[in-house]
Amino acid sequence: MKVAVIRFPGSNCDLDMMAALKTIKGIEPVLVWHEDGSLGGRDYGAVILPGGFSFADRLRAGAIAANSPAMSQVKRLAGGGTPVLGVCNGFQILVEGGLLPGALLRNSTLKFVCDWTHVRVENTRTPFTSGLKEGQVLALPIAHGEGRFYLQPAQLSRLEKDGMVTFRYCDAAGKSSPGSNPTGTLHNIAGVSNKEGNVVGLMPHPERAAEVLMSTLGHSDGSLVLSSLLVTQKGRRQG
Amino acid sequence: MALLTTKGRTFEVSVVISNKAGVREPEGETILHDLVAKSGFEQVGSIRAGKYLRVTVIAADAQSAKRLVERMCNELRIFNPAAHSCEVSIGREPGQ
C-alpha cells in the first residue's frame, strides 16, 4: 500500500513518520511536498499529515496549512473514503481544515508538554485502530503546546455518543482522570475521528514509539496504529 | 506584501479573535492571577487574552471594508468557530 506523507514548510516529524512506515512490511511511504499537486494523481491507500510546526504555527497551529493546495486534495480523498491520519500538528491541520470537529487550544498550563503518556483505545472502527482492541492501553509520547481539545458541550456529547473519540489519555492501568490528563483537554480526549471513521487525528506521536529502542517503556505501540492500515485493507478485500 | 491596486479609500479594520465565553483562557488567567491581582489591582475581575489583527483595506466605504474583512475571516477560517468569537470593527482611516 502506498501511503502519502505530506510535508509542509515547518513539518519536522515527516522523516520520522517515513522511517516508522518503512518498518512495516506492506506499506510503501511516499513523501509529498504540499504544493506539488501529485496527491490526486496517484493511487494512495492512505494519507498522513505528520507533526511539526507548519508555517511556524502563525495565526494558529495548523490554520495556514489547512488552506494549502494539498489540503483541497486531502479533502477530496477523505470524502471518497481514503484513510487520513493527522498526528499532532497534522491533527491541528485536520481540525482547522474542517475535516475533524472542534478546536485544539493552548494547553491549560500554558506549557509545552513533552512527555510519555498512556492512551486508551476507544474505537476500533477506524483504519488506524482496526488492529487494536477496544480498551487497549498504548504508551505514546506527546510534544505540543496546543493540544487541549475543545468542543461546545452539546457537540461534545454528540461526539461521544457517535463513538468519534478514538483515543483518551489514561494511566497505565487504563483509568482516565484529571491526573492522567496532560493538557486540560476535555474528557481526556487525545484523538478523534470523523463520523465515517476514515479520518483520524491524535496528539500523541505513534511514529516516535514505533520501535522498542525508541521507547523508555520498552515497547513499540505506535507501530500498531500505523500497521492497522493493513488490517483494514485486508478486511476490505475479504469483505 | 500584497499590492493594493483597487481603487477607493483606505480603511483600517480591526479583528479581535478570542475564546468564546465558557472556553477557558489560560493566558488571561495567568496575567490576572500571577501579575495583576498580586500587584495591587484587586478590583480587576477577569482578563481574557486574544489575538488582534489590524487589516488595511481599500474599499468604496467603511461598511464595504468591514464586510470584506468579515468574509475573509469566515472563508479562510481566520478564527475557529468551534471555540472562538471574531469581532470585526472599523478603525480610523490611516492619515486621519
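What follows draws every value from the coordinates through simple rules; no lab data is involved. Model, not experiment: these values are computed from the prediction.
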Cα atoms only: what Rg and Dmax, in Å, come out for the range A:83-210?
12.9, 36
Once the mean 1/r over all distinct Cα pairs of the protein assembly as shown is inverted, what Kirkwood radius in angstroms do you read off?
21.2
In chain A, what is the count of Lys pairs whose alpha carbons are under 29 Å apart, counting only pairs at least 8 residues apart or on separate chains?
26
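Taking every pair of Cα atoms in the range B:9-90, average 1/r, invert it to obtain the Kirkwood radius, and report Rg/Rh to two decimals. Intermediate values should be presented prior to the final figure.
Working: Rg = 16.0 Å, Rh = 14.3 Å.
Radius of gyration over Kirkwood radius for the range B:9-90 works out to 1.11.
Using only alpha-carbon positions, what ratio does the radius of gyration of the range A:1-125 give when scaled by 2.2 N^0.38 Å?
On the way: Rg = 14.5 Å, N = 125, 2.2 N^0.38 = 13.8 Å.
It is 1.05.
Subtract the Cα-Cα distance of A:N12 and A:S177 from 0.36 nm times their separation in residues, and report this length gain in nm to one decimal.
Numbers: separation 165, 0.36 × 165 = 59.40 nm, distance 3.10 nm.
Extra length from A:N12 to A:S177 when fully extended: 56.3 nm.
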With a bin width of 5 angstrom, please list the P(r) values of the range A:57-144 as percents of all Cα-Cα pairs, from the 0 bin to the one holding the largest distance.
3, 12, 18, 21, 20, 16, 9, 1
Once every DSSP H run of n ≥ 4 in chain B is given -39500 (n - 2.57) and the sum is divided by its residues, what mean residue ellipticity at 222 nm do you get, rounded to the nearest 500 deg cm²/dmol?
-6000 deg cm²/dmol
As I understand it, the value is the acute angle between the Cα axis of helix B:62-75 and the longest principal axis of the Cα atoms of chain B; what does it come to in degrees, rounded to 10?
70
